1. Considering only DSSP beta bridges where both residues belong to the chain, give the percentage that are antiparallel (nearest 5).
2. Taking the Cα atoms only, what angle lies between the long axis of helix 301-310 and the longest principal axis of the chain, rounded to 10 degrees?
3. From the helices alone, meaning DSSP H stretches of at least four residues, give me the mean residue ellipticity at 222 nm for the chain, per-run term -39500 (n - 2.57), in deg cm²/dmol to the nearest 500.
4. Within a 10 angstrom radius of the beta carbon, how do HIS179, HIS15 rank from fewest other beta carbons to most?
5. Would you order ASP250, ASP185, ASP43 from fewest to most other beta-carbon atoms within 10 Å of each residue's own beta-carbon?
6. Considering the chain as a Gaussian network with a 10 Å cut-off on Cα pairs, which listed residue, ARG117, ARG25, ARG333, attains the greatest mean-square fluctuation?
7. Return the sequence-ordered ³J(HN,Hα) values of the range 258-270 in whole Hz as given by the Karplus equation 6.51 cos²θ - 1.76 cosθ + 1.60 applied to θ = phi - 60°, using x for Gly and Pro.
8. Anyone know which of ALA311, ALA332, ALA19 comes out most mobile in the 10 Å Cα GNM of the chain?
Amino acid sequence: MLPAPYAKEPVFEAHRWHAAESSYRKVAGLFGYQEVRTPIFEDIELFLRSSGETSDVVSKEMYDFKDKGDRHVALRPEGTAPAMRAYIDSSMGGQGVVSRLCYFGPVFRYNRPQKGRYRQFHQAGYELIGSPSPLADAEIITATVRYFKEIGLDNLVVKVNSIGRAETRGAYELAILSHVDKWLDGQDEEQQAKARKNPLRLLDTKDPDLRAELDGLPSILGFLGDDSKANFAALQEHLAESGVAYEVDDSIVRGLDYYTDTVFEVVSTEYGALCGGGRYDGLVEQLGGPSTPSVGVGIGVERALLVADMAGKAPRAEAPSRWYVVAATESARAAARTLAIELRSMGVGCTLDLDGRSVKAQFKQADRNGASMTAVLGDDELANETVSVKDLVTGEQKTLPRHVFLRIADD
Ligand code: HAM
């Protein structure tokens with residue numbers, strides 16, 4: 001017996017992926033984002049330096065291995081760091097230049113698969129590089145909401161928060177540690193060290209004891225500096241101006257370490273976060289580039305498609321080809337093949353029987369293939385140089401001169 005599928009991804013028919021990708025491309029076009037394709041694996045250093053050694057994504061969930069030359073590499077656990085590496089390596093930036101990049105592809109995280117969580121999944125990402133303006137944050141959020149709309153998800157509420165600059169987080173981390181002081185004393189050394197290294201991570205906890213302990217913790221919003229406060233207020237104005245439904249949720253801190261100021265998520269009750277994003281003003285510099293304020297989002301495509309399914313918004317499959325050419329008699333088979341060649345040379349897709357099936361079986365096959373039209377050739381049609389057309393959806397039938405049929409076939 002074969003082992004169970006490893007990645008445990010939900011299996012969507014290919015047309016769902018096409019729709020997910022064409023929506024992503026449509027949004028890229030609407031907002032002017034250029035696609036980058038980055039390698040699936042990278043030197044592990046890229047992720048250690050960007051996503052943060054204290055984040056679960058890097059410390060626990062990365063697929064890493066040594067190659068035959070003893071180089072330490074990792075399957076990408078997210079799309080932002082590779083996109084920034086590509087941005088730096090190809091010198092896309094420059095003083096005052098704003099770049100808009102996007103990507104769509106598989107990412108990998110070693111975790112326990114469950115509903116909405118897989119070891120291999122896909123992210124659609126949009127990254128706006130080089131602008132410090134809250135208008136950039138608003139653009140990313142607006143593009144995200146548009147993506148969800150394109151795949152059929154309306155009425156989503158975006159949860160936004162600001163985690164401020166380094167000083168804010170420093171002060172807030174001290175506040176967290178002093179708030180959970182007693183609980184921390186009861187933890188083992190490893191847990192204590194981890195909590196002290198990145199206290200913000202404690203806020204993501206699902207542990208009920210720690211959750212209770214965190215009750216009454218003051219909001220990070222009270223710790224923001226003046227600039228961060230002003231930017232957060234401006235972001236909210238811009239979102240309102242763009243008609244984006246949002247709410248402020250000060251519990252959103254995000255699981256990766258590179259964020260500054262704005263962070264946001266769209267959350268579904270069934271599948272958790274459908275996307276996550278925010279501003280990461282220090283990342284490009286951290287990776288060896290010039291100081292470049294940036295903001296972006298990663299959309300979890302499987303989760304988004306699962307929610308579209310629940311909402312009854314899954315698009316129907318399109319047939320691989322619209323026409324099925326039927327040979328109604330033995331002597332019409334060669335003429336049917338010729339007609340198929342002609343249709344294809346005109347750029348019209350069609351399918352036909354290769355195995356000498358009966359007329360009834362050919363119609364059945366046409367139906368199975370999802371064809372909506374049949375072009376039937378029999379002895380009468382050959383004698384009169386006509387084609388009989390049957391619309392499989394409406395049942396309508398007509399016989400047309402062959403040259404007329406060829407003119408209308410691609411309508
Ligand atoms: P992230 O929140 O780690 O952010 O992932 C983005 C989205 O990927 C999540 O909101 C979720 O929908 C989906 N996701 C995460 N883990 C899984 C999983 N195991 N199975 C299925 N879906 C999953 C990032 O990766 C950042 N790079 C986002 C970003 C872009 N920030 C700025 N620019």
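Rule-based calculations on the coordinates, nothing more; no lab input. The structure presented is a predicted model; accordingly, all values stated were derived computationally and were not measured. Don't worry about glycine lacking a Cβ; one is built from the backbone with ideal geometry, like all the others, and counts go over all protein chains shown.
1. Values: 50 of 63 bridges.
In the chain, approximately 80 percent of DSSP beta bridges are antiparallel ones.
2. Relative to the chain, helix 301-310 is tipped by roughly 70 degrees.
3. So the calculated ellipticity at 222 nm is -11000 deg cm²/dmol.
4. Fewest-to-most Cβ neighbours within 10 Å comes out as HIS15, HIS179.
5. Working: ASP250 17, ASP185 8, ASP43 14.
The order, fewest Cβ neighbours first, is ASP185, ASP43, ASP250.
6. Fluctuation is largest for ARG333.
7. Working through the residues one at a time gives 8, 6, 9, 6, 4, 9, 7, 8, 10, 10, 10, 5, 6 Hz.
8. Of the options given, ALA332 has the highest mean-square fluctuation.
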